[in-house]
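In what follows, a single structure is set out as structure tokens and then discussed.
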Amino acid sequence: MTDLCEGGMEDLWSIAVVLLQVWFSVMIGFIMIPAMFGLSLGVTSVYIQILVKILEWATLRIERGHRERSTLPVPAPLPFGLIQREGGSMEQEMGELRRYRTQSISRGEFALSDSFYFYIKGLESIVDDQVTQRFSSEELVSWNLLTRTNHNFHYISLRLTIIWGLGVIIRYCVLFPLRITLAIIGLTWLVIGTTLVGFLPNNRLKNWLSELVHLMCYRICARGLSATIQYHNKENKPQKGGICVANHTSPIDIVILANDGCYAMVGQSHGGLMGVIQRSMVRSCPHVWFERSEMRDRNAVTSRLRAHVAAKTNLPILIFPEGTCINNTSVMMFKKGSFEIGGTIYPVAIKYDPRFGDAFWNSAKYNMVNYLLRMMTSWAIVVNVWYLPPMTRREGEDAAQFANRVKSAIAHQGGLLDMAWDGSLKRAKVKEEFKEQQQKMYSSMVMGKKAPANA
Amino acid sequence: MGSTNSTLSKIPNVEELMQETGFTPAHIVRLYDRFEALDKEKTGHLRPQDFGAINRLAMNPIGDRIIGAFFSPGQETVDFHSFVRILAHFRPADKKRPKDPSMPEPVNSRTSKLKFAFQLYDQDKDGKISRAELLQVLRSMLEMQVTEEQLESIADRTIQEADLDKDDAISFEEFRKSLEKVNIDHKMSIRFLR
């Protein structure tokens, strides 16, 4: 009797395993094949909509159910923080303030209304320092619990805990294995594909195949993160021989951008797995990898990049001028090095939807592996990418000013705050310098084009 | 942080505050949360240092004056009511409010906003912006970027333009006149989202 049972159990088990394998491969196939050909079954967007509805319902229902009844109405959630800010630059705003003056103003004039600009900016910063406030504060706690991976568990209510538990199971046991598999497949394919293509002689076929291989790999990786990417203004896509410049939030930015076009990557050559990938990528089309020692010599770096850009058939270079990952609410100072190379700059603004968790890589807090793990166990990543019209350096504009101009354009488009401080100073508290910068900007408006006198 | 309604019940005289300032309950709650966030030591009051901790404010050339606007002369702390009352000046004008001369001027009217801006310049509150006071503001906004002579000539030009009764100072009426074409409501308002 027991023998029969055991035999039965084993059969059941092996059937289960087979079913699991079949299901797995079907899923992978379903996801990979359209990805390879750039088609979308539209599954991801439907998935995200359903997800949002379920999570919102869960959050609001549970929280509202616990509210005390009261005569005062419940406030509606405010999606973009407490206040609406004017997006214009200092020049724009002051110009508008001064428009009432009847005599024509040369650029060198002071107006009593100039101080209003600073006054309002100051008050705005007192009222609201944050960017996203989708829910009331306790609703936000519930929402965070359900959507973010690394949130410390608070006990709020039984219902919420159950839903949270379900969410964790789905994310870690269903989505995560799927995503890891996809990522591995994608990267393996990249290495194999580029190596194979590398054997071909340099001709148009090779370039076309190389682009295809790269695209496929990145698309698979993007599916591996359940990333939904919306590209805007595709007519401004970076062309060959140009430089693509974008704001930096996470290492995933590369996958996001490369999903829609081929870029030449720039970076430090690493050893290990990264090194293998880097070396094979170079085989099929030129990327620019620097040895650590070369990175110190700015001239060497600039001239290599210049050479790459000058060969008009090379893919556009992808550079992140902030130099470090910034939390996706602002754009920090662009290092001017990228802007000294010459050529046409194609700015791109990347904005992650904060509803599903923080895509920002805080390199001080998490290392790369930890970070990728977090990304892969989150529900989804929703990104908006805007291609901005190309810019070139104007006559009499130095690299730093050009960098600022590009930065403002990107910040404005992405709805990000245009911050003046250097990304590398994000932990330091240097305030005097930045007040001085504001003063400098203002003084050039008041004094006109004359060079400011030294005090 | 408690639920919305329990937050409102924590604030004494909240109905009166809403009447006076015109903020909705939602605004009051958010401002209260903001107030609590700034009040790091949980004293129930804000001091100038609490404002100073706001990075963007420290970056602002006239940041100190803005902070000063929250503290009445002689006071070293500001409580929630005063905080809200001062911010209420910067609400956009209520377009639907009928012009009723018997009712007191609403706190966010154009004149109110202008008065507030005037006080930014007129630190000693004598009702006039003297040359020295104007120079002080200019100095804050321009500091090391221009020479003292340049500052003085700018101040002279500005007073010349605005000073109608030739007393070498700008009174509130002259201030108001010189800014009559500026859309104060648009430029001096903090647009609170509903």
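The values are calculated or read from the model by the stated rules, or taken from the named source; none is laboratory data. As the structure is a prediction and not an experimental result, all values here were calculated from the model. Counting neighbours? That spans all protein chains shown, and the Cβs are built from the backbone with ideal geometry, glycine included. The area values use the complete protein model at the heavy-atom level, side chains included, leaving out ligands, DNA and RNA. Shrake-Rupley method; radii C 1.70, N 1.55, O 1.52, S 1.80 Å.
Per-structure values
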{"item": "Summed residue charge, Cβ within 15 Å of residue B:81's Cβ, Lys/Arg positive, Asp/Glu negative", "result": "-3"}
{"item": "About the Cα centre, charge dipole magnitude for chain B (Lys/Arg +1, Asp/Glu -1 at Cβ), debye", "result": "1120 debye"}
{"item": "Degrees separating the helix B:131-142 axis from the principal Cα axis of chain B, which is the longest one", "result": "70 degrees"}
{"item": "Angle between chain B longest axis and helix B:148-162 axis [Cα atoms, degrees, rounded to 10]", "result": "80 degrees"}
{"item": "Percent RCO, i.e. relative contact order, over chain B, from Cα pairs under 8 Å lying at least 6 residues apart", "result": "19 percent"}
{"item": "Of A:121/B:125; B:40/B:125; B:10/B:125, those spanning more than 25 Å from alpha-carbon to alpha-carbon", "result": "B:40/B:125; B:10/B:125"}
{"item": "Heavy atoms of residue A:168: accessible area, 1.4 Å probe, square angstrom to 10", "result": "40 Å²"}
{"item": "Helix-only CD estimate at 222 nm, as mean residue ellipticity for chain B, using -39500 (n - 2.57) per DSSP H run (n ≥ 4)", "result": "-15500 deg cm²/dmol"}
{"item": "Among B:71, B:28, B:58 - extreme Cα towards positive end, dipole of region B:1-78, charges at beta-carbon", "result": "B:58"}
{"item": "Helix axis angle, B:110-121 relative to chain B longest principal axis, alpha carbon, degrees", "result": "60 degrees"}
{"item": "With all protein chains modelled, accessible area of residue B:36 [1.4 Å, Å²]", "result": "60 Å²"}
{"item": "Heavy atoms of residue A:444 accessible to a 1.4 Å probe, total area in Å² rounded to 10", "result": "50 Å²"}
